[in-house]
Amino acid sequence: MELKIRKNGDVYIIDVNGEMDLYNSYKLKELVMKMLEKNVKQFIINLEQVDYIDSSGIGALIYICSTIKKMNLKLYISNIHGSVKKVIELTKLMGYFPIANSVEEALLMINE
């Protein structure tokens, strides 16, 4: 799994590439925690290049989401598709995660 950070105004977009599984989902958690320490307040996690997620990946997203919600900061998860979307639907988390169809849509929603 590869993580790339890009910035759009005050919003940090984390592009996730690869599989979010037991062996690497902690990397995303660690990255977001480091960014929170640096006072980043707005996040978009872009899952466009993620084709596989397991319970560890879901756990990492829940942890990130709940931490950011507790801090009253903004987060959107964008471009959920295929088997990743199926897993999130099966775990009944579509309503829990703040989801946007695209990075562009997430940017509009964050800036509202």
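Within the set of other residues whose C-beta is less than 14 Å from the C-beta of Y26, count the net charge using Lys and Arg as +1 and Asp and Glu as -1. Spell out each step's value before the answer.
On the way: positive: K27, K29, K34; negative: E19, D21, E30, D54.
Result for the local shell: -1.
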Quick check: pseudo-label points 7 Å beyond the Cα along Cα→Cβ at N39 and S66, how many nm apart are they?
2.8 nm
In terms of the charge dipole of the range 2-111, which places +1 on Lys and Arg and -1 on Asp and Glu at the beta carbon, the residue among N111, I44, V16 farthest towards the positive end is N111
Expressed as a percent, the accessible surface of the range 17-112 that is carbon or sulfur, using a 1.4 Å probe and the full set of protein chains, is 53 percent
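Give me the accessible area per residue for the chain, probe 1.4 Å, as a whole number in Å².
Ligands and nucleic acids excluded, the result is 56 Å² per residue.
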Which FRET efficiency, nearest 0.05, do I5 and N101 yield, Cβ-Cβ r, R0 25 Å?
0.75
Give me the one-decimal nm value for the distance between modelled label points at D51 and M109, 7 Å along each residue's Cα-to-Cβ direction.
2.6 nm
Quick check: residue separation of Y26 and T91 times 0.36 nm, minus the Cα distance between them. What number comes out in nm?
21.4 nm
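Given the rule -39500 (n - 2.57) for each run of at least 4 DSSP H residues, summed and divided by the residues of the chain, what is its mean residue ellipticity at 222 nm, to the nearest 500 deg cm²/dmol?
Calculated at 222 nm, the ellipticity per residue is -12500 deg cm²/dmol.
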Select one label from (i) 2, 12, 26, 28, 21, 9, 1, 0; (ii) 2, 11, 22, 25, 20, 12, 5, 1, 0; (iii) 2, 11, 19, 18, 13, 9, 7, 5, 5, 4, 3, 2, 1, 0, 0: the one whose number is P(r) over Cα pairs in 5 Å bins from 0, in percent as derived from the coordinates shown.
(i)
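The values are calculated or read from the model by the stated rules, or taken from the named source; none is laboratory data. It should be emphasised that the depicted structure is a prediction, and the values quoted were computed from it without experimental measurement. Here the Cβ is made from the backbone with ideal geometry for all residues, glycine too, and neighbour counts use every protein chain on show. The area values use the complete protein model at the heavy-atom level, side chains included, leaving out ligands, DNA and RNA. Shrake-Rupley method; radii C 1.70, N 1.55, O 1.52, S 1.80 Å.
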